[in-house]
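Encoded as C-alpha cells, the structure appears first; notes follow it.
Taken together, the values in this text are just the output of simple stated rules run on the coordinates, not laboratory data. As the structure is a computational prediction, the values presented were derived from the model and not from experiment. Methodologically, a virtual Cβ is constructed for each residue, glycine included, from the backbone with ideal geometry; neighbour enumeration extends over all protein chains shown.
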Amino acid sequence: MAGQMICTNCGHVGKPKRITKGSIIVELGLWICFLLPGLIYSIWRLSSRYDGCPKCEYPNMISITSPVAQKLFNQLYPNTTDPGTAAPS
C-alpha cells in the first residue's frame, strides 16, 4: 500500500504518473528551426511537469491514508476494505 494514492477527480487508486505538458514533436521542430524558441519551450515543458492520475491526468491525487481519501474511497468502493485490492476505475 506504500505510495498508493486516490484521484479526487475519477477515483482511480494507484501510483501517480509523471506528466509533461506540451508535445515532443513541437519541441523537436522548434529546436531544429530556431535555437531560442526551442530552448524556451523546453524550459517551459520541464517546469510544467507534475505527478498526476495515470487515468485522467488530473493533478490532484491525495494519499490513500488521509481522512478525506478514506471517505472518498468508502463512497466509491463500498464493498472493499483494503485500498490495495480496489479495482482500478
Report summary line: Residues in region 10-40 that are surrounded by 15 or more Cβ atoms within 10 Å (Cβ to Cβ), under 11 Å from the mean Cα position of the chain (by Cα) and not aliphatic (A, V, I, L, M) total 3
**Report entry** region 41-54: number of residues that are surrounded by fewer than 16 Cβ atoms within 10 Å (Cβ to Cβ) and under 28 Å from residue 76 (Cα atoms)
**Finding:** 2
